[in-house]
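The structure appears below as structure tokens.
The values are calculated or read from the model by the stated rules, or taken from the named source; none is laboratory data. Fair warning: this is a prediction, and the values are worked out from it, not measured in the lab. We place every Cβ from the backbone using ideal geometry, glycine too, and count neighbours over all the protein chains shown. The protein model used for the area step is the full one, side chains on, heavy atoms only, and it has no ligands, DNA or RNA in it. Shrake-Rupley method; radii C 1.70, N 1.55, O 1.52, S 1.80 Å.
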Amino acid sequence: MDDQLLRVLTPQVLGVLVRRGADFAAAEDAVQDALAEAVRSWEQGAPDEPKAWLVTVAWRKFLDARRSASSRAMREIAVHREPAAGPAGQADDTLLLLSRCCHPALSPASAIALTLRAVGGLTTAQIARAFLVPESTMAQRISRAKRTLAGQRFEEPGDVRAVLRVLYLMFDQGFVGEPSEEDLSAEAIRLARQLVASVPHDPEAAGLLALLLLHHARRPARTDAAGQLVPLAEQDRTLWDTGMIAEGVDLLQHALAMDRVGEYQAQAAIAALHDDAASADETDWAQILEWYDELARITPDSPVVALNRAVAVGHVDGPLAGLRLVEALDPGLPRRDAVAAYLHERAGNLKEAARLYKAAAEATAILAEHAHLLKQAARLNRG
């Protein structure tokens, strides 16, 4: 049984059912039933047309469920709509499904949560971590989103801004999550490429794709041979994908030329400045701070932007200046202790830095990050 194949095909099959007019919740149930049947039937190997097999079985499961709850007239309509047997079309409905899940009837938070589940294949627990809420809260949010979409025929496209946010979170989960989730980053890039092709005059779509590429280019150097996290400043930059960086920079320049700067373009500009530096010492922190100032103007209520900007201030104006900004932020903000530890270390306050590294390690649920932060604390305690 090829779990990776099923993970890739699941949103595509779900998208086919939704495009045919199936209610989202019912379609998802039908796809899950088809997956369960695939687990039983594919023990000796997948069929020649696995997507077509899943579409056929899932559609029949949907019709069976519909017939059991509908009148004779509704059953006749359903049978009439059933397509003839044969290979499934080769079009990828994943992006269509992504857009439709970001339905105007849903709040942005609910749309993002639902699409991460349906398209990204994340578990409720993973989505809850991305949103920094309890798993039970996220389960309720997803259930409410499904109820909201009950009966919706998805005639209106979703909000492009919500789609961009979903792709950003999907990529981030794959980039910072466990090794088994790395394919989410590649999937987010694939979908972002499709989105840019469908909205070529949207600078934020191009900006997002640029941002994802500029970060993904560093992946080969992000961990060492033992799987330990390697900070950006210590990475072997010869391992970075220069072709991917060049593509990201070209996309960014194209987006900025439209003269409608948004948050993803600003983030991509920051990433490009990091990627352009031959070494950590050559990083142009002054320009990075200018882009953080722009990003703070675009997203004035973002504590994450404020935290990251404090790092840039710490490099330009000194670590104590950066620390003053960090101390004004919510103590419960994720990564606040890690940033404070980094700035304290740069200021020479090694004992306080070690304490904060340890506190940051205890607060993160990401194993690689936890191990890295504990390693930093031990290094300073030994010194």
Out of the range 293-311, which residues are in a helix (DSSP H, G or I), over 21 Å from GLU369 (Cα atoms) and touching a residue at least 24 places away in the same chain (Cβ under 8 Å)?
-> GLU294, LEU295, ILE298
Hey, any hits in the range 331-338 for a residue that's hydrophobic (A, V, I, L, M, F, W, C), in contact with a helix residue (DSSP H, G or I) (Cβ under 7 Å, 6 or more places away or on another chain), over 24 Å from ASP241 (Cβ atoms) and touching a residue at least 40 places away in the same chain (Cβ under 8 Å)?
-> no
Quick check: anything in the range 357-369 farther than 29 Å from TRP291 by Cα and among the charged types (D, E, K, R)?
-> yes
Residue count, the range 275-292, condition in a helix (DSSP H, G or I), surrounded by 13 or more Cβ atoms within 10 Å (Cβ to Cβ) and without any contact (Cβ under 8 Å) to a residue 60 or more places away in the chain, comes to 9
Hits in the range 132-158 (condition: modelled with pLDDT under 85, touching a Ser or Thr at 6+ places or on another chain (Cβ under 9 Å) and open to solvent by 50 Å² or more (accessible area, probe 1.4 Å)) | PRO157
Scan of the range 200-215 for residues that are in contact (Cβ under 8 Å) with a residue 40 or more places away in the chain and either touching a Pro at 6+ places or on another chain (Cβ under 9 Å) or not small (Gly, Ala, Ser) (or both), ordered by number | HIS201, ASP202, PRO203, GLU204, ALA206, LEU208, LEU209, LEU211, LEU212, LEU214, HIS215
Quick one: how many residues across the range 205-239 are surrounded by fewer than 15 Cβ atoms within 10 Å (Cβ to Cβ) and either hydroxyl-bearing (Ser, Thr, Tyr) or assigned to a strand (DSSP E or B) (or both)?
-> 1
Kindly indicate whether any position in the range 317-329 is more than 14 Å from LEU343 (Cβ to Cβ) and open to solvent by less than 20 Å² (accessible area, probe 1.4 Å).
-> no
Every pair of residues 6+ apart whose Cβ atoms lie under 8 Å, when the first sits in the range 106-118 and is outside any helix (DSSP H, G or I) while the second is open to solvent by 20 Å² or more (accessible area, probe 1.4 Å) and of a type outside the set (Gly, Ala, Ser) | LEU106/THR148
Hits in the range 7-50 - residues which are under 27 Å from ARG100 (Cα atoms), without any contact (Cβ under 8 Å) to a residue 40 or more places away in the chain and open to solvent by 10 Å² or more (accessible area, probe 1.4 Å) = ASP29, GLN32, ASP33, LEU35, ALA36, GLU37, GLU49
Out of GLU294, GLU352, sole residue that is acidic (Asp, Glu) and within 30 Å of ASP250 (Cβ to Cβ) = GLU294
Identify, by number, the condition in (1) closer than 29 Å to ALA365 by Cβ; (2) part of a loop (DSSP other than H, G, I, E, B); (3) open to solvent by 50 Å² or more (accessible area, probe 1.4 Å); (4) of a type in the set (A, V, I, L, M) that LEU333 doesn't meet.
-> (3)
From the option list VAL261, VAL305, single residue qualifying as under 24 Å from ALA361 (Cβ atoms) and surrounded by 15 or more Cβ atoms within 10 Å (Cβ to Cβ) is VAL305
